[in-house]
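Take a look at the structure set out below.
Every read-out reported here was derived from the displayed coordinates using simple, explicitly stated rules and does not represent laboratory data. Here the structure is a predicted model, which is why all the values come from computation and not from measurement. Ideal geometry is used to build each Cβ from the backbone, glycine not excepted, and the neighbour counts take in all protein chains shown.
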Amino acid sequence: MTLAFSIETSCDETSVAIVDDKGKILNQIIENQQVHNKFGGVVPEIASRAHLQILQRIIPLSFKRAKLNLNDIDIFCATCGPGLIGGLLVGSTIAKSMAVGINKPFYPVNHLEGHLMSPTLNNILKFPNLSILLTGGHTQIYFIKKPNDYKLLGETVDDAVGESFDKVAKLLSLSYPGGPEIEKFAQNGNFNAYDLPHPLKNKNNMNFSFSGIKTAVNLIVKNQNKITQKFKEDMAASFQNKIIEIIINKIERTIKMLKNKNINIADISIVGGVAANKALRNSLLNNDKINKYNIVYPPIEICGDNAAMIALVGLQKYKHKIKPDHLFNFKANPRLSIIESGSL
Ligand code: KG4
Ligand code: ZN
């Protein structure tokens, strides 16, 4: 059995995990850095310091809870990008040092690949499949022929979908992160209350655009005399509904494009923090063009950032004998993108 120890520190979650090669999580700790809440967004410098402090506490705790020692670990993994450089350096330097200390391999892992592989924790993914990555920093559609074989079909040209949830929540004076707050307020709201734009609706590509919706919400907010609870609920519902409509429109377009090229897909996986949104899940389930496919998600607590998904990617590379970068060539990279090896 191969055991991986992993660290995720790309944004404001500090997480460590110990995972075996069957995908069983022997222990995982995810700590959300509450310190950013009062700023309404992540402050990079504060995040790096908090990662360092939290890791010093949760690494020994994780080993203790898993009843394991450092010497039991076969490979070490850490997120090396994309993300905030300070956090990436803290996490990857600690994981690398642990690997050097006991002479074991270190795998730098792409955060996005972690999200893409996260549904394998609770599903047997069939290939080829379509993966819709919905996070605070990215909104992308991938065609995945097999693990390590990714083709990017489309992405946002401006804000990421999670970012737009966070920005609209801020405009409505809701707390950070905005996604879960908007979802909560939307439950009691009227989704027809405000007519928001649908950017790139008729563009025949798989790209998204969200910044215009945020601007439209801002204009409506500015023209309100009073921001009542009812206004917040109706706006949250209208916004969330529009976002879901946009995501569904692009998934339908992608399915049609693949069909036209006679490419069959088995599953559609929805990953990243926004995949936790229950209204989105229900709408996908009720859509006749999409629910023909097996729609898969990671476990809900693994939709957001976590170290277990980083270990999964490291374990997969180890299994396929993909050599890790030489330790001393490795660089954390805030703008790292997935190496596209795939084709349609
Ligand atoms: O994947 P993630 O944890 O971090 C990044 O890699 O960015 O995603 C975080 C994003 C935040 O923007 C947050 O507001 C959003 O996911 N999010 C949600 C929900 N839970 C988290 N958005 C909509 N509905 C939710 N329930
Ligand atoms: Zn993420």
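Things worth noting here:
- Separation of the range 219-267 and the range 77-142, taken as the distance between their Cα centroids, equals 27 angstrom.
- Dipole of the range 123-297 [Lys/Arg +1, Asp/Glu -1 at C-beta], most positive-end residue of 204, 221, 189: 204
- Across the chain, Cα-Cα pairs farther apart than 37 Å form 19% of the total.
- The Cβ shell under 14 Å around residue 240 holds other residues with a net charge of +1, Lys and Arg each +1, Asp and Glu each -1.
- Selection among 164, 110, 130 by position relative to the dipole of the chain gives 130 as farthest towards the positive end (Cβ unit charges, Cα centre).
- Axis angle, to the nearest 10 degrees, between helix 161-171 and the longest C-alpha principal axis of the chain: 60 degrees.
- Separation in nanometres of the label points that stand 7 Å from Cα toward Cβ, at residue 67 and residue 223: 6.5 nm
- Theoretical ellipticity at 222 nm over the chain - DSSP helices of four or more residues, -39500 (n - 2.57) apiece, nearest 500: -12500 deg cm²/dmol
- The antiparallel fraction among DSSP beta bridges confined to the chain stands at about 60%.
- C-alpha long axis of helix 85-101 to longest principal axis of the chain, angle in °: 20 degrees
- Proximity of backbone amide H atoms, modeled 1.01 Å from N, is registered between residue 78 and 7, 107, 109 at under 5 Å, excluding neighbours fewer than 5 places apart on the same chain.
- The range 46-71 and the range 151-172 have Cα centres spaced 31 Å apart.
- The protection proxy used here, the mean number of other Cβ atoms lying within 10 Å of each residue, ranks peptides 14-24, 105-115 as follows, highest first: 105-115, 14-24.
- Degrees between helix 44-66 axis and first principal axis of the chain (Cα, 0 to 90, nearest 10): 60 degrees
- Only Cα pairs under 8 Å and 6+ residues apart enter the sum, and on that basis the relative contact order of the chain stands at 25 percent.
- Residue pairs, from the table 64/170; 201/261; 24/259; 184/317; 38/331; 146/184, whose Cα atoms sit over 30 Å apart: 64/170; 24/259; 184/317; 38/331; 146/184
- Gyration tensor analysis over the Cα atoms of the range 123-297 returns equivalent ellipsoid semi-axes of 30, 15, 14 Å (largest first, whole Å).
- The mean sequence distance of close C-alpha pairs (under 8 Å, at least 6 residues apart), as a share of the length of the range 123-297, puts its relative contact order at 28 percent.
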